[in-house]
Amino acid sequence: MTLRLYNTMSRRIEPFAPIAPPRVTLYTCGPTVWSYAHIGNFRTFLFEDLLRRWLEASGYQVFQIMNLTDVDDRIISEAGQAGTDIDGFVAPYITAFNEDREWLRIRAAHAQPRATGFVPAMVRLVDGLLAKGIAYKGDDGSVYFSIERFPAYGRLSQLDRRELRTGASGRVASDEYAKEDARDFALWKAAQPQDEAVGAAWDAPFGRGRPGWHLECSAMALDLVGEKFGTDVLDIHAGGVDLIFPHHEDEIAQSCAYTGKPDFARFWLHGEFLNIRGTKMSKRFGNYTTPRDLKADGVDAAAVRLLVFQTHYRQKLDLTDDALEGAREGARRLGEFGDRLGRAPLGTGSPAEAEAASALRSLVTQAMNDDLNAPRAVAALFDFVREANRLLDGSKSAGPELREAWEWAGQVLDVAGSPAATLSLTSADTITVTDSVTAATVGSEEWARGLAVERIQARKSRNFKHSDEIRDELKANGWEVRDTKDGSEVVRMS
Ligand SMILES: [Zn+2]
């Protein structure tokens, strides 16, 4: 069974085949780094991470591009108010985005171009469109794309011309683009004093200015895949549903008018919104949640991944406290199983283990090949864990097939949380304290066990000062000491 994906262009689920297998070029629109990206943005990035991981697990060599929009109206306005240039203004948000992305275990794109780093490619694209007579210079000095000259305009968003006129004129106006025709959009905006003040203006043969948002993605995608693979058509272009119009429509118009190819991307994939308690997230509604807010609340990244993957990417997801709590519990259970499996002695395996392993692989494969049906893949993972736990209860060892299937599924979904480790110790515990402590990584379980035993020995010899020091050191490294009737236990704090 091959991978089938819903293509927004055709509104159908189609068998996926890349242009030049095993290579897959994947372009994913990245964040505008004017603020912290919220959990709704990250739902899209998680869907794209799942897509990428599944392509890789299926043997494709993926080349993923995720751009950073580091120049736009909001960035220019905020940088101006902060009295800094755009570079200085966006730097902390780029760092924060990459921290949040890593925390959520989202694989880094192979290329993460910044718009301001690709201005020459954008100038070339605009030049090419002007030469073909598809772009024109307006009275205001800006360069516009004439959609009259591109008959395929509206194909992705399936707007007929009449709808387009009303729909587009509103959006384009709200973007503050001056225009000759209400439907035309700015490729290049003439430099204004506020742009110059924050370093957001570049020289170009058609006048000093800055790129429009839509232009960035076309120019960076074509430049990167052109240079690397000599191609000008992407295998997959992905983003959130809110990007279908006008952003992706405009990307197609610019790119196809420039290359002369019928497609800019063979597959267009779009992820649905995330709502918070039924409302679309926005700063205005006060329901604006970022990954760092969740992290500060002690939420495990695996729980966020699990929560997102329990809903299909083309369905709206409502983030509620109950849903999050359920996902935390689920991720913790998976983490505990992983921990148990890791500790179990290596056995030779059994027919029952082989069966559980092969069921997991085939169910996850079927689910993921069916337009990335992660909810079904997750359900198969929980079934596997239930069965494997039962087998571990009986045999106390685990064979290679069980371990490999678990790891393989982890490469795809990566939803196992960290278990709350508890080490119980009694005064009878005699491990060579110094060896085990010095050899172990600070904060690790082995290290904690060593220190906990040393503390029991200190208490036995009534050296309470040392015992308290150890308690503090454990605590500083994430372990809480609880004294029990016949010894003590140290518990990893979550
Ligand atoms: Zn884009």
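The values are calculated or read from the model by the stated rules, or taken from the named source; none is laboratory data. Here the structure is a predicted model, which means the values were calculated and not measured. Quick reminder, even Gly has a Cβ in these numbers, built from the backbone with ideal geometry, and neighbours come from all protein chains shown.
Would you kindly identify the helices (runs of 4 or more DSSP H) lying entirely within the stretch 268-382 that contain at least 1 residues that are within 13 Å of residue 415 (Cβ to Cβ)? Full working, then the answer.
Values: elements: 291-296, 301-309, 321-343, 351-369.
The qualifying helices (runs of 4 or more DSSP H) are 301-309, 321-343, 351-369.
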Those residues of the stretch 331-349 that are surrounded by 15 or more Cβ atoms within 10 Å (Cβ to Cβ) and under 12 Å from residue 396 (Cα atoms) come to a total of 5
Can you pull out the residues in the stretch 202-239 that are surrounded by fewer than 23 Cβ atoms within 10 Å (Cβ to Cβ) and among the small types (Gly, Ala, Ser)?
-> 204, 207, 226, 230
Residue 317 out of contact with any Ser or Thr (no Cβ under 6 Å at 6 or more places or on another chain) and within 22 Å of residue 101 (Cβ to Cβ) = no
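Which residues, taken from the stretch 298-340, are aromatic (Phe, Trp, Tyr) and over 16 Å from the mean Cα position of the chain (by Cα)? Lay out the reasoning, then the answer.
Applying the first criterion (aromatic (Phe, Trp, Tyr)) to the stretch 298-340 yields 309, 313, 337.
Across the stretch 298-340, the qualifying residue is only 337.
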From the list 100, 72, 127, which residue is within 16 Å of the ligand (Cβ to nearest atom), surrounded by 16 or more Cβ atoms within 10 Å (Cβ to Cβ) and farther than 21 Å from residue 269 by Cα?
-> 72
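If I filter the stretch 141-160 for residues that are of a type in the set (D, E, K, R), closer than 25 Å to residue 119 by Cβ, modelled with pLDDT under 90 and more than 16 Å from the ligand (Cβ to nearest atom), do I get at least one hit? Show your work before the answer.
Step one: list which residues in the stretch 141-160 are of a type in the set (D, E, K, R), which gives 148-149, 155, 160.
Imposing the further condition that a residue be closer than 25 Å to residue 119 by Cβ reduces the set to 149.
Those still in the list that are modelled with pLDDT under 90 too: none.
Scanning the stretch 141-160, I find no residue that is of a type in the set (D, E, K, R), closer than 25 Å to residue 119 by Cβ, modelled with pLDDT under 90 and more than 16 Å from the ligand (Cβ to nearest atom), so the answer is no.
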Would you point out the residue of the stretch 237-279, among those that are more than 16 Å from the ligand (Cβ to nearest atom) and touching a Phe, Trp or Tyr at 6+ places or on another chain (Cβ under 6 Å), that is nearest to residue 69 (Cα to Cα)?
-> 257
Would you be able to say whether some residue in the stretch 219-232 is modelled with pLDDT of 95 or more and on the phi > 0 side of the Ramachandran plot?
-> yes
Report the residue count in the stretch 87-117 for those that are of a type outside the set (Ser, Thr, Tyr) and assigned to a helix (DSSP H, G or I).
-> 17
Restricting the stretch 358-406 to residues that are among the hydrophobic types (A, V, I, L, M, F, W, C) and in contact with a His (Cβ under 8 Å, 6 or more places away or on another chain), the one nearest to residue 335 (Cα to Cα) turns out to be 374
With respect to residue 78, determine if the residue is free of Cβ contacts under 8 Å to residues at least 12 places away in the same chain and assigned to a helix (DSSP H, G or I).
-> no
Expected output for the stretch 404-421 (first residue more than 25 Å from residue 348 (Cα to Cα), partner at pLDDT 95 or above and of a type in the set (Lys, Arg), Cβ below 7 Å, 6+ apart or cross-chain) is 412/53; 414/105; 414/305; 415/305
Going through the stretch 21-69 in order, the residues found to be within 16 Å of the ligand (Cβ to nearest atom), aromatic (Phe, Trp, Tyr) and part of a helix (DSSP H, G or I) are 45, 47
Condition test on residue 10, is it among the small types (Gly, Ala, Ser), within 17 Å of the chain's Cα centre (by Cα), more than 24 Å from residue 306 (Cα to Cα) and away from the ligand (no atom under 16 Å from the Cβ)?
-> no
Might you let me know whether the stretch 184-194 holds any residue that is surrounded by 17 or more Cβ atoms within 10 Å (Cβ to Cβ), more than 24 Å from residue 34 (Cβ to Cβ) and either at pLDDT below 90 or polar (S, T, N, Q) (or both)?
-> yes
Please state which of the following conditions residue 341 fails to meet, knowing it meets all the rest: (1) within 30 Å of residue 211 (Cα to Cα); (2) in contact with a strand residue (DSSP E or B) (Cβ under 6 Å, 6 or more places away or on another chain); (3) hydrophobic (A, V, I, L, M, F, W, C).
-> (1)
Selection from the stretch 440-494 of residues that are assigned to a loop (DSSP other than H, G, I, E, B), of a type in the set (A, V, I, L, M) and out of contact with any helix residue (DSSP H, G or I) (no Cβ under 6 Å at 6 or more places or on another chain) = 442, 493
